[in-house]
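Below: one structure, written as structure tokens.
The values are calculated or read from the model by the stated rules, or taken from the named source; none is laboratory data. Only a predicted model underlies this, so the values are computations on that prediction, with no experimental measurement involved. Every residue, glycine as well, gets a Cβ built from its backbone with ideal geometry; the counts of neighbours run over all protein chains shown. Surface areas here come from the heavy atoms of the whole protein model, side chains and all, with no ligands, DNA or RNA. Shrake-Rupley method; radii C 1.70, N 1.55, O 1.52, S 1.80 Å.
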Amino acid sequence: MTHPLPQKGILEIEPYVAGRAQAHGAGRVFKLSANETPLGPSPRAREAFIAAAGALECYPEGSAGELRRAIAERFGLNPERIVCGAGSDELLHLLAQAYLGEGDEAIATEHGFLVYPIVTRAAGAKLVSVREKGLRADVDAILAAVTPRTKIVFLANPNNPTGSYLPVDEVKRLHAGLRPDILFVIDAAYCEYVRKNDYESGIELVATSDNVVMTRTFSKIYGLAALRLGWMYAPAHVVDVINRIRGPFNVSVPALEAGIAAIRDIAHFEKARAHNETWLAWLSEEIGKLGLEVAPSVANFLLIRFPEEAGKTAQDADRFLMTRGLILRQVGSYGLPQHLRLSVGTEEANRLVVAALAEFMGKRA
């Protein structure tokens, strides 16, 4: 042995690869690969971030108390049951670290967020991938995959990259079928975009259960992806566990201040929702007219299936769009090699991508 070795299984983890941000050789670039909001953050959040630069020598308040209170006020929650983190990714890592170990299993669906297998394997446990039905989580298949070793079930609702969701009754049925010692983690990163009467982000289930956690993020509709800020709502006993192992200053002062301002700017939030609702529907319709299959989505992105014939594949489309400065997300790592994921962009970007896809497909937009 010539050097220190990591724990068993670490080197078997496939690193997360983010969507590209550059299109070499293109002029102006439109990044539509990361589900970022085209409206940017609240102006108030920008101001709060800049103001925070006046005291960068000071540590943050370790419990993120003011941000937790702002979140609690916005959603009618108990701030003592909220934990903030450096993005919801950190919170998922902490949950896996706390509740998984060697010999344990976690369950996620086959096209679920790629962070689930990473955090599971990093904790020494096994990720059990469950087949979806029509690009949607299958409650019966998940329940059938539960074994005595199951300790966590991850559910992205809505799911990335498919854009599908489970209605609240199905989520409750899934929870009812789980043992009380299994932690049910509902990842609601895209919940703010959903406009369905039968959807619920997970707050109600957390409030009435002892084994449900809901995670949320400021990276999407609030436009604070660069600051890495997320939060979770959980039973008191889970909050106690996570607070024992998280870093004492895991959220920076600029992120805290920007988050407080962002969540209180309701007008900007509603503007972002309205923009997404308008252009998600428009993109779905216009791309569908081109003969491409578009999966129904309730989030701020669309999953587009391309033909398998030479010259018309997802890889061909990706290369073609890149030459025009339009960057979409390849999702082969999600088990969807014939698809590209398109984030809803500005009006200009949305119109350009439809026109480019029409040219690629040999049709008139």
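Every test in (1) open to solvent by less than 30 Å² (accessible area, probe 1.4 Å); (2) over 20 Å from the mean Cα position of the chain (by Cα) is passed by residue 291 save one, and that test is (1). Counting only strands (runs of 3 or more DSSP E) that fall entirely inside the stretch 51-151 and contain at least 1 residues that are free of Cβ contacts under 8 Å to residues at least 24 places away in the same chain and open to solvent by 50 Å² or more (accessible area, probe 1.4 Å), the qualifying elements are 126-130.
Of all the numbered requirements in (1) open to solvent by 50 Å² or more (accessible area, probe 1.4 Å); (2) touching a residue at least 24 places away in the same chain (Cβ under 8 Å), residue 35 misses one, and that requirement is (1). Number of residues in the stretch 208-233 that are without any contact (Cβ under 8 Å) to a residue 40 or more places away in the chain and either aromatic (Phe, Trp, Tyr) or out of contact with any strand residue (DSSP E or B) (no Cβ under 8 Å at 6 or more places or on another chain) (or both): the value is 3.
Can you name every residue in the stretch 141-161 that is basic (Lys, Arg) and touching a helix residue (DSSP H, G or I) at 6+ places or on another chain (Cβ under 8 Å)? Result: 151, single match. Look at the stretch 167-183: where a residue is farther than 23 Å from residue 197 by Cα and touching a residue at least 60 places away in the same chain (Cβ under 8 Å) and a partner is assigned to a helix (DSSP H, G or I) and open to solvent by 50 Å² or more (accessible area, probe 1.4 Å), sitting 6+ places away or on another chain with Cβ atoms under 9 Å, you get 183/99. Summed over the stretch 308-329, the residues that are under 22 Å from residue 27 (Cβ atoms) and open to solvent by 10 Å² or more (accessible area, probe 1.4 Å) give a count of 7.
Going residue by residue through the stretch 200-220, is there one that turns out to be of a type in the set (Asp, Glu), modelled with pLDDT of 95 or more and in contact with an Asp or Glu (Cβ under 8 Å, 6 or more places away or on another chain)? Checked the stretch 200-220: no residue is of a type in the set (Asp, Glu), modelled with pLDDT of 95 or more and in contact with an Asp or Glu (Cβ under 8 Å, 6 or more places away or on another chain).
If the condition is being within 15 Å of the chain's Cα centre (by Cα) and either open to solvent by less than 10 Å² (accessible area, probe 1.4 Å) or basic (Lys, Arg) (or both), then the stretch 193-206 contributes only 202. Comparison of 262, 226, 255 shows that the only residue that is touching a Pro at 6+ places or on another chain (Cβ under 7 Å), within 30 Å of residue 57 (Cα to Cα) and not in a loop (DSSP other than H, G, I, E, B) is 262. Scan the stretch 144-187 for residues that are in contact with a His (Cβ under 6 Å, 6 or more places away or on another chain) and within 17 Å of residue 207 (Cβ to Cβ) and jot them down. Result: 184, single match.
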